[in-house]
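*Asks:* Below is a structure I'd like to ask you about.
What follows is calculated from the coordinates using simple rules that are stated; it is not laboratory data. In this text the structure is predicted, and so the values were computed from the model without any measurement. Methodologically, a virtual Cβ is constructed for each residue, glycine included, from the backbone with ideal geometry; neighbour enumeration extends over all protein chains shown.
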Amino acid sequence: MDLIELIEEAIEDEKRAAEKYRRGAEMAEDPETRSFFEQLVTWEQGHERVLRDRLAALKLIRGQ
Amino acid sequence: MAASEKKRITAAHYFYLLKEEEDGLRRLWRLLGAAERLDAAGAVAGLLADGSVSPSESCSLLHYLPGAPMDLCLAMLPNLAVVEMVQRADEGPVPQAWNAFLEVVISQREHIAGEGVSVFGETTLLVEPPGGEAPGKELLEVTAARVGGQAAADPLLGGPGALVATSAGRVLSSDIDPELAGGGRPRLHRLSAPDPAPWEFYALSAAEPESFVTGDFPELDSLLKELDRAAGYFRQQKDSVVDERTGVDGRVGALLHKQTVYMRDGKPDTSELEESITDLSRMFGLLATDSLMVRRAERHLGHDLNRLRKSLSRIMSGGAGAADEIGDYYLSLYGGDLESIRNVALDLENSRQNAEAAIGVVRTQVELLRAEEEAGIQDQTRRLLGQSLKLQEEGLALQMAAVLIEFVVVFYYVIKSWEGVLGPGTVEELPPLLRMAPVFGIAAGTAIGTHFLARALKSRNWKSPGLWISAMLMVSSIVGLVILSLMLVGTLGGGHWT
């Protein structure tokens, strides 16, 4: 698998994970659980941002 | 290579490029990668398999191979992209590693310059183990040897001993937040390079430099480079803006003086004043444009200074006894530039207001002159109207005289003609009032009718009541005269009037 495809797939995975945790936060009945899921959402968004940066850099260097 | 065999970072060199310079970035990346015999796939594989390095998250792309002497990192910063060339070494004498690194940097710079890659700015960061208060003595010795030895004539480094001479005098040191660069007392030192510096030199003393070297430092350094570029551009522009403003102030003063002399010594020409307004408006436009440019520079520099303050407060240690000479130096330097911009903006605003006021003064003078000219015209018009009125009055008197003469002439000839037609003494048989009435009617109708006829001819209006009344008066008088004549000669009953 090409590296760019790999990173694009990883970005989609991060988005899906963030969405799952967001739903978890919405369904959470107590503040502690909600806060836990919200933190996970933030982490996944951070991962997605890092992957996007790397994808952009890789595309730039490859001239794509 | 096992993860435990971790290599220390000993030095890094940063090439900053504008993000828009995509082609330059690609060429630079390939040039440096080729020099280190790295390829993208192998590099990433090496990184994934090895795990012996832990670069900053901001390092978006990494060339790293366990056996290679250098690795490369590409980081996308807010406005710039930076290619970081990082040297790692096993345990061994650090000065030797620095020496080798400086050799590589000088050689790579020549290579890059030959390829025409446009670099925004560069910095070298030499890393030493923690413990030194100031940049290690060894570091200065290495740079002295490097600059004073092999590269003695190297124009890039400004000549023998230049770096050391200035470094010895002005080394700025700052304490870094220990959480960013390992425990103990991590410190960053700024070495003064020859002026103008081909690139900048920093030294870092830290136990865990990895993340700081590949992430926090280029973030701070790129910000300083952006500020340097913006402030340098403004300093260049400032002289011409100040010259323009001074010139405009002088010309506004001269124009106002000229107007004052004009108003005192005689009336100036309105067109000359209008030319002055055009001149002043042009100057006003110039100042407004300069003002806009300076305000934009003020916003830009102010915004970047705030970014620098935030970055410094995050990176530098806020602990007791901690110093931040680097931060203080740059905040003071660019804070001074910002203050200077604000002063220029203020001066420009004053000059702009002066030019605006001068335009108002000259415009008022033009309006006053125009009002005077209008008053003169009105006076002339009034005199002409007076003359015309007089002529009209004279015309009316002459008209009245003509009417009177016409009346008398017509009256005389009508009565004489009537007497002539009816024979001597016939008309005298009529009572004087009856005799005079038709003659009077014909004479009056003719005189008045002539006046109304002339007016109708002039205005081409035949519906004038005066014309018709006078015509009817004349016709009825003629009819009356004919009836009376017929009665006198006996055709209509031969009446006797006495």
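*Asks:* Where Lys and Arg each count +1 and Asp and Glu each count -1, what net charge lies around A:Glu5 among other residues with Cβ under 14 Å from its Cβ?
*Replies:* Summing Lys/Arg as +1 and Asp/Glu as -1 gives -2.
*Asks:* Moving on. Per residue of A:55-62, how many C-beta atoms from partner chains lie within 10 Å of its own C-beta, taken as a mean? Don't jump to the answer; show the numbers that get you there.
*Replies:* Details: counts 2, 4, 11, 5, 1, 11, 13, 3.
Average per residue, whole number: 6.
*Asks:* Further question on the same structure: Could you tell me whether segment A:3-62 comes out rounded, prolate or oblate from its Cα gyration tensor? Rule is a ≥ b ≥ c as square roots of the eigenvalues, rounded for a/c under 1.5, then prolate if a/b exceeds b/c, otherwise oblate. Let's see the in-between values first.
*Replies:* On the way: a/c = 5.88, a/b = 3.03, b/c = 1.94.
Cα axes put segment A:3-62 in the prolate bin.
*Asks:* What spacing in nm lies between the two simple spin-label points modelled at B:Arg309 and B:Arg455, each 7 Å away from Cα in the Cβ direction?
*Replies:* Those two pseudo-labels are separated by 9.0 nm.
*Asks:* Please report B:His13, B:His303, B:His451 as a ranked list, fewest other C-beta atoms within 10 angstrom at the top and most at the bottom.
*Replies:* Taking fewest neighbouring Cβ atoms as first place, the list is B:His303, B:His451, B:His13.
*Asks:* Amide H of B:Thr10: which non-local residues (sequence gap of 5 or more, or other chain) have their own amide H closer than 5 Å, using H built in the peptide plane?
*Replies:* B:Gln87, B:Arg88, B:Ala89
*Asks:* What order, most packed first, do the peptides B:454-463, B:98-107, B:77-86 have when packing is the mean number of other Cβ atoms within 10 Å of each residue?
*Replies:* Details: B:454-463: 10.4, B:98-107: 18.8, B:77-86: 22.3.
Ranking the peptides B:454-463, B:98-107, B:77-86 by packing returns B:77-86, B:98-107, B:454-463.
*Asks:* For B:76-85, what's the mean count of beta carbons from other chains sitting within 10 Å of each residue's beta carbon?
*Replies:* Details: counts 5, 0, 0, 0, 0, 2, 0, 1, 0, 0.
Taking all residues of B:76-85 together, the mean is 1.
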